[in-house]
Amino acid sequence: MIPRIGIVATPDQVALLVPILKSLGFPVTAIWCKSFAVATKLSREHGIVLCARQFQDLLLHSSVDLVYVATEPGLQAEVTVKALTSGKHCICQKPSSLCRAEAEKILSLSSYYAQLICIVESHLRFLPAFIRMRELVARGYCGRLMVIESRVLMGSLLQDEPYSWKCDPILGGGALSTVGPHLIDLVYFVSGKRAEKVHSCLKTFKSQTDKIRGYRTVLSDDFCAFEIQCSDNVCASVTINTHSIGGRFEFEFSVTGLDGRLVVRGLDLYGSRKDSPQEELLLKQRTEG
């Protein structure tokens, strides 16, 4: 049976998710966001049964089987916990919580309510390039793994927005909290190696913007670099730079072993081996133009 979905999210996420889920055949029966005007408008446009004034009303509504949580990070754990205790399946965007205690509570409840699905959404692992990369690593394409590297170059996470939670790392803002979880998940998904030690460097190079100035300052990191020492002596290095000129986006994720190397650029997968060093295209997803 296809689950009936209730969305608890920020206004921009509600506007993004509703048409996508409905186009895939999932019935969206209830929505909540802090802007009741936005929620009302979307509910009318898409024929949604419930436009809740409080997210608790959505969690208790009989027309909801699964709750998709995409709120501000400070609210994620509270909604997820209450969704599980209300008997609802739950998909939660990253970061699922702001501290270890909140994460452990979600984990404990998901184990206690074993009949319920509780997933932290990490969508990069479902892209064909990374699924194929994982398969090739498992088959020994690279040989014994040594190094995993990822580099992201992107525009500002703040854009032209006013001061919000995105400016404060304690509230879940910053490159590490926003982009980092996806890359950390990929390291484990592709290699199967678990983190044992982590060292990081977080920097805030731009503390003010055109719309954030005066007594308001940006504290969240706009540059992040971290290294992970994984099991079996595998090392991972990740760099996230949000200072792209002109908003250009570049993404690269590579796995290097004794016998070969695999790299995803954009959405395309390339590979090279010790006995055939010329890089070859293994899977193409990106369309030009």
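Listing for the model above:
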read-out: Of all residues making up region 31-47, the number that are open to solvent by less than 30 Å² (accessible area, probe 1.4 Å) and at pLDDT below 90; value: 3
read-out: Scan of region 26-44 for residues that are part of a helix (DSSP H, G or I) and out of contact with any helix residue (DSSP H, G or I) (no Cβ under 8 Å at 6 or more places or on another chain), ordered by number; value: PHE36, ALA37, THR40, LYS41, SER43, ARG44
read-out: Which listed residue, of ILE212, ILE245, is of a type in the set (A, V, I, L, M) and open to solvent by 90 Å² or more (accessible area, probe 1.4 Å); value: ILE245
read-out: Condition broken by SER122, with the remaining ones in (1) of a type in the set (S, T, N, Q); (2) touching a His at 6+ places or on another chain (Cβ under 7 Å); (3) open to solvent by 50 Å² or more (accessible area, probe 1.4 Å) satisfied; value: (3)
read-out: Residue count, region 84-104 (criterion: within 25 Å of VAL179 (Cβ to Cβ) and outside any loop (DSSP other than H, G, I, E, B)); value: 9
read-out: Region 55-78, residues that are touching a Phe, Trp or Tyr at 6+ places or on another chain (Cβ under 6 Å) and crowded, with 22+ Cβ neighbours inside 10 Å; value: PHE55, LEU58
read-out: Among (1) out of contact with any strand residue (DSSP E or B) (no Cβ under 8 Å at 6 or more places or on another chain); (2) assigned to a helix (DSSP H, G or I) - the single one THR80 does not satisfy; value: (1)
read-out: Qualifying strands (runs of 3 or more DSSP E) (wholly inside region 225-288; at least 1 residues being of a type in the set (D, E, K, R) and in contact with a Lys or Arg (Cβ under 9 Å, 6 or more places away or on another chain)); value: 250-257, 260-265, 268-273, 276-283
read-out: Odd one out for SER108 among (1) part of a helix (DSSP H, G or I); (2) in contact with a Phe, Trp or Tyr (Cβ under 9 Å, 6 or more places away or on another chain); (3) open to solvent by 20 Å² or more (accessible area, probe 1.4 Å); (4) not charged (D, E, K, R); value: (2)
read-out: Top-ranked residue of region 81-105 - restricted to ones that are under 17 Å from the mean Cα position of the chain (by Cα) and among the hydrophobic types (A, V, I, L, M, F, W, C), ranked as nearest to SER63 (Cα to Cα); value: CYS90
read-out: Any hit, region 199-216, residues being more than 30 Å from ALA129 (Cβ to Cβ) and within 19 Å of the chain's Cα centre (by Cα); value: no
read-out: Residue that is at pLDDT 95 or above and either open to solvent by 70 Å² or more (accessible area, probe 1.4 Å) or over 17 Å from HIS182 (Cβ atoms) (or both), where the choices are GLU252, GLU279, GLU227, GLU288; value: GLU227
read-out: Residue count, region 84-105 (criterion: farther than 13 Å from PRO73 by Cα, open to solvent by less than 60 Å² (accessible area, probe 1.4 Å) and without any contact (Cβ under 8 Å) to a residue 60 or more places away in the chain); value: 5
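The values are calculated or read from the model by the stated rules, or taken from the named source; none is laboratory data. Quantities reported herein were computed from a predicted structural model and do not represent experimental measurements. With ideal geometry, Cβ positions are generated from the backbone for all residues, glycine too; neighbour counts draw on all protein chains shown. Each accessible area value is taken on the protein alone, full model and side chains, heavy atoms only, with ligands, DNA and RNA left out. Shrake-Rupley method; radii C 1.70, N 1.55, O 1.52, S 1.80 Å.
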